[in-house]
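Below: the structure, in structure tokens.
Computed from the coordinates by the stated procedures, all read-outs in this text should not be read as laboratory data. These numbers were taken from a predicted model, which means no experiment stands behind them. Virtual Cβ from ideal backbone geometry, glycine too; neighbours counted across all protein chains shown.
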Amino acid sequence: MLVLNDAQALVIENLLTKMLINDSYSVAQLEEAIGWLQREGDRVSCPFEQVWSQNLAQEIVRELRNQA
């Protein structure tokens, strides 16, 4: 099992949010994050994944409302 530390989880959250709202992001950070997630046979477990998922969902809804 792959466990992300807080810093890694924040980088991934930031990247996904930027991708979802069509904002620019660092290719180097994306490559690094992909490396964290590409270990063969590992599952990803984020220590605060429920909070992270909720925050990401709220950010998506907020951006969709701003675009409407």
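Spin-label model, Val3 to Asp23: label points 7 Å out along the Cα-to-beta-carbon direction sit 3.0 nm apart.
Take each peptide in 54-66, 12-24, count the other Cβ atoms within 10 Å of every residue, and average; sorted highest first, the result is 12-24, 54-66.
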